[in-house]
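One structure below.
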Amino acid sequence: METKDWYKLTFLIESDSEEIIIWQLNELGIFSFSFEYLIKNENKKEVNIWLPINDWGDSSKRGFEKIISKLLNINSPKNKFFDWSIIKEEDWLTSWKKYWAPQLVGNHFLILPCWININKKFKDKLIIKIDPGAAFGTGSHPSTYLCLEKMENILFSDKKVLDIGSGSGILSVAARLLGAKEICAVDNDYLAINSTNSNFQLNFGNLKNLNTYLGSFNEVILKNQLKQFDFVLCNILAEVIKEMIPTIYKCLKNNGEVIFSGILNSQKDEIIKILIQNDLKLLDVSTRKDWVCISAQKTRDPT
């Protein structure tokens, strides 16, 4: 496959602007991005966006800057507000390593960058090895943390699991570690699918029990007739979740459960209302910072 070089666009935002930036990037079909918490200033975050050079000429770059400036109410951004640099495809992973360290999640999981040797004191943990590639979901974001924290208290042994918006594959790996017998991972970004397969291989030495599907959720479900899942994992934006709920209901077997994350506190009530309208029984709501994780169940006799 032909290698690609990338633009890396970096700029700073107020922490409470993260959700609106994510929404705008998804609206534009941009799915390779990250947010870095700034140790020296908790109210600011660094946004990193990767864009294929071949697809982004000067006019496209200027247009994108105007969109972000308008979104953030920046009338005349300083010259250095947007920082563009070029990343070679082969340098992609190397550029990530300086940001990463092992991270404990919940009571049982340890997220371990693949180039770091495990400390003996963590030998009793469930180790999720991650090589980040170009897709994201590292456990550091509250929404991913909440999903993993919820998962460790669920019996996945011999269960069939659907991972929607698999990203780096971190939730698929976690499900397999917890005993899932079959995992279907869906993402609309080929970089994410590659990363899911790569990280699954990294952790288990093979791709047994994993099936990956590239494309939009509804198209993949319809084309491949994916259904009868014991669990659905869905760590994506609330605006996208709302549209998916009716189809997710159809994918679940009776008494099957779904875990939603990527939801802000302010969006919680609307999501719960839609769940109830679609005969999904609310099981639990947990929070971390401004983010919410909701679990629900498909019952035979909805009430």
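Name every residue in segment 196-206 that is over 30 Å from K268 (Cα atoms) and part of a helix (DSSP H, G or I), in order of residue number.
Scanning segment 196-206 gives N197, S198, N199, F200, Q201, L202, N203, F204.
Could you tell me whether segment 65-79 includes any residue that is acidic (D, E) and open to solvent by 70 Å² or more (accessible area, probe 1.4 Å)?
Keep residues of segment 65-79 that are acidic (D, E), which gives 65.
Then keep just the ones that are open to solvent by 70 Å² or more (accessible area, probe 1.4 Å); that gives none.
No, every residue in segment 65-79 fails to be acidic (D, E) and open to solvent by 70 Å² or more (accessible area, probe 1.4 Å).
Among the residues of segment 147-175, which ones are open to solvent by 10 Å² or more (accessible area, probe 1.4 Å), among the charged types (D, E, K, R) and either under 25 Å from T287 (Cβ atoms) or outside any strand (DSSP E or B) (or both)?
E149, K150, E152, D158, K159
Residue by residue through segment 176-193, note down the ones that are closer than 19 Å to E152 by Cβ, in a helix (DSSP H, G or I) and either hydroxyl-bearing (S, T, Y) or out of contact with any helix residue (DSSP H, G or I) (no Cβ under 7 Å at 6 or more places or on another chain) (or both).
Matches in segment 176-193: L177 only.
So which residues in segment 189-211 are in contact with a strand residue (DSSP E or B) (Cβ under 7 Å, 6 or more places away or on another chain) and either within 23 Å of M244 (Cα to Cα) or open to solvent by less than 50 Å² (accessible area, probe 1.4 Å) (or both)?
Result: Y190, I193, T196, N197, N199, F200, N203, N209, L210, N211.
Only one of (1) of a type outside the set (G, A, S); (2) in contact with a helix residue (DSSP H, G or I) (Cβ under 8 Å, 6 or more places away or on another chain); (3) on the phi > 0 side of the Ramachandran plot fails for L207. Which number is that?
The number of the failed condition is (3).
What do you reckon, is L214 open to solvent by 60 Å² or more (accessible area, probe 1.4 Å), on the phi < 0 side of the Ramachandran plot, touching a residue at least 60 places away in the same chain (Cβ under 8 Å) and in contact with an Asp or Glu (Cβ under 9 Å, 6 or more places away or on another chain)?
Spelling it out, it is not the case that L214 is open to solvent by 60 Å² or more (accessible area, probe 1.4 Å), on the phi < 0 side of the Ramachandran plot, touching a residue at least 60 places away in the same chain (Cβ under 8 Å) and in contact with an Asp or Glu (Cβ under 9 Å, 6 or more places away or on another chain).
Any residue in segment 233-243 that is at pLDDT 95 or above and out of contact with any helix residue (DSSP H, G or I) (no Cβ under 9 Å at 6 or more places or on another chain)?
No: segment 233-243 contains no residue that is at pLDDT 95 or above and out of contact with any helix residue (DSSP H, G or I) (no Cβ under 9 Å at 6 or more places or on another chain).
Mind checking which pairs have a first residue in segment 108-133 that is free of Cβ contacts under 8 Å to residues at least 24 places away in the same chain and a second that is of a type in the set (K, R) and open to solvent by 50 Å² or more (accessible area, probe 1.4 Å), Cβ under 6 Å, 6 or more apart or different chains?
If the second residue must be of a type in the set (K, R) and open to solvent by 50 Å² or more (accessible area, probe 1.4 Å), the pairs left are L110/K125; L112/K129.
Which pairs do you get when a residue that is of a type in the set (D, E), found in segment 159-181, comes within reach of a residue that is assigned to a helix (DSSP H, G or I), reach meaning Cβ atoms under 6 angstrom, with the pair 6+ apart or on two chains?
Matching pairs, first to second residue: D163/L171; D163/S172.
Could you count how many residues in segment 21-37 are open to solvent by 30 Å² or more (accessible area, probe 1.4 Å), in a loop (DSSP other than H, G, I, E, B) and in contact (Cβ under 8 Å) with a residue 24 or more places away in the chain?
Going through segment 21-37 one residue at a time, the tally reaches 2.
Looking at segment 111-131, is at least one residue open to solvent by 10 Å² or more (accessible area, probe 1.4 Å) and in contact with a Gly (Cβ under 9 Å, 6 or more places away or on another chain)?
No, every residue in segment 111-131 fails to be open to solvent by 10 Å² or more (accessible area, probe 1.4 Å) and in contact with a Gly (Cβ under 9 Å, 6 or more places away or on another chain).
The values are calculated or read from the model by the stated rules, or taken from the named source; none is laboratory data. For clarity, every value in this text was computed on a predicted model and none was experimentally measured. Methodologically, a virtual Cβ is constructed for each residue, glycine included, from the backbone with ideal geometry; neighbour enumeration extends over all protein chains shown. Areas reflect the complete protein model, heavy atoms only, side chains present, ligands, DNA and RNA absent. Shrake-Rupley method; radii C 1.70, N 1.55, O 1.52, S 1.80 Å.
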